[in-house]
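The values are calculated or read from the model by the stated rules, or taken from the named source; none is laboratory data. Given the structure is predicted, the values throughout are model-derived calculations rather than measurements. Neighbour counts are summed over all protein chains in view; Cβ atoms, including those assigned to glycine, are modelled from backbone coordinates with ideal geometry.
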Amino acid sequence: MNNDQEQIRVVFEEVYAANVRGRDFEGYGKMYTDDALWMPPDKPDRRGIPDIVEGFASLIANQNIDPTFIAEEIEVRGDVGYVVGTYIATNYPIDGSPSKEVKFRALWLMKKEGDFWKIDREIWNVKPN
């Protein structure tokens, strides 16, 4: 794995998970390009950092999420790249309802801005556990 692939892996597996787990809105927004597109299953698309952060806030409003991300394929072509991976999470409803495990497949298009890889397009689909 080259340095760019490793940086993308860190964003996918470590930084993203930490921002979700920590409910870190500012950190979450900093992972995206200004014109990023966020495409969740069964919800409207979101474009741009403020809209994406609003979508994230809605996603975690009634639950805490403990995610694990696994990057399975990472490719880089100059200042663009992509990652395909799996996301498994336990969702803990704030109202005390029983927790639920969910599994998604994710595809992210990444862009390098300066020395940092950022998410430009993110799409994920629900998969059976």
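Just a few scattered comments:
- Inside the stretch 37-79, residues that are within 18 Å of A89 (Cα to Cα), of a type in the set (D, E) and not in a loop (DSSP other than H, G, I, E, B) make up a count of 2.
- Here is the figure for the stretch 2-36: residues that are touching a Lys or Arg at 6+ places or on another chain (Cβ under 8 Å), assigned to a strand (DSSP E or B) and more than 30 Å from P128 (Cβ to Cβ) total 2.
- Meets criteria (in contact (Cβ under 8 Å) with a residue 40 or more places away in the chain, among the charged types (D, E, K, R) and surrounded by fewer than 17 Cβ atoms within 10 Å (Cβ to Cβ)) for D66: yes
- Of the criteria (1) among the hydrophobic types (A, V, I, L, M, F, W, C); (2) touching a Ser or Thr at 6+ places or on another chain (Cβ under 7 Å); (3) assigned to a loop (DSSP other than H, G, I, E, B), which one I88 fails: (3)
- Exactly one residue among E113, E54, E26, E75 is modelled with pLDDT of 95 or more, surrounded by fewer than 16 Cβ atoms within 10 Å (Cβ to Cβ) and in contact with an Asp or Glu (Cβ under 9 Å, 6 or more places away or on another chain), and that residue is E113.
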